[in-house]
Amino acid sequence: MKYWVFILILLSTSCIPQVERTQPTADILELYAQQTVRTDPGEYAFLYDNLPDDLHELCDLIKKQLIHPQEAIKQGMDMERIKEDNLHHTVESLLGKLLEADSTGLTMHRKAEDKLVLACYHHSMLLASILRSRNIPARMRAGYARYYEKAYGVRFGHVICEVWNDK
């Protein structure tokens, strides 16, 4: 059966398949395989050339580039860095800033101070961009992070990347 797989980029875990869905039509799959204004890497598309094919490795790579604001606070990072979350509305913008901080590009060896402090939306957007550059249908989905509600008694909005897997 072909289905959508929910992919979560969490702070402490890898990508986790969640729920099977019905098969979308070919035109829908084609739509979700195309870049949008927000996911288009623009002049930084070359950064995707030598990335791993494995989805879990891609998720790990993204976690090496970006740090979630909640995690940054836990690590005692400068609160001014938390504002980065409002500065990058496109993948092209965040890739440019990552390249500016470390000219080696997307690397598993990025120093903590060279990571961007960006929330789940940006993690999901970067993964969707990489997958779409490979003509793999992916979309961003929004909802609530129930695990935060259970742990802290607060309901947070959350964004994940849903990836088409025809296997």
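Based on protein heavy atoms only, the stretch 23-123 ends up with 56 Å² per residue of surface accessible to a 1.4 Å probe. If the cut-off is a Cα-Cα distance under 16 Å, which lysines reach LYS111, setting aside same-chain residues fewer than 8 apart in sequence? Hits, sequence-local ones excluded: LYS63, LYS64, LYS97.
Net charge near ARG155, counting Lys/Arg +1 and Asp/Glu -1 over other residues with Cβ under 13 Å of its Cβ? Surrounding charge for ARG155 is +1. Which lysines does LYS167 reach when only Cα atoms under 20 Å apart count, and residues fewer than 8 places away in its own chain are ignored? Answer for LYS167, where 20 Å is the Cα cut-off: LYS2, listed by chain and number. Averaging 1/r over every pair of different alpha carbons in the stretch 110-167 and inverting the result gives a Kirkwood radius of 13.1 Å.
Each of ALA119, HIS88, ALA101 was scored by the projection of its Cα onto the charge dipole of the stretch 77-167, and the greatest displacement toward the positive side belongs to ALA119; charges sit on the C-beta of Lys, Arg, Asp and Glu.
The values are calculated or read from the model by the stated rules, or taken from the named source; none is laboratory data. Here the structure is a predicted model, which means the values were calculated and not measured. Methodologically, a virtual Cβ is constructed for each residue, glycine included, from the backbone with ideal geometry; neighbour enumeration extends over all protein chains shown. With ligands, DNA and RNA removed, areas are computed over all heavy atoms of the protein, side chains included. Shrake-Rupley method; radii C 1.70, N 1.55, O 1.52, S 1.80 Å.
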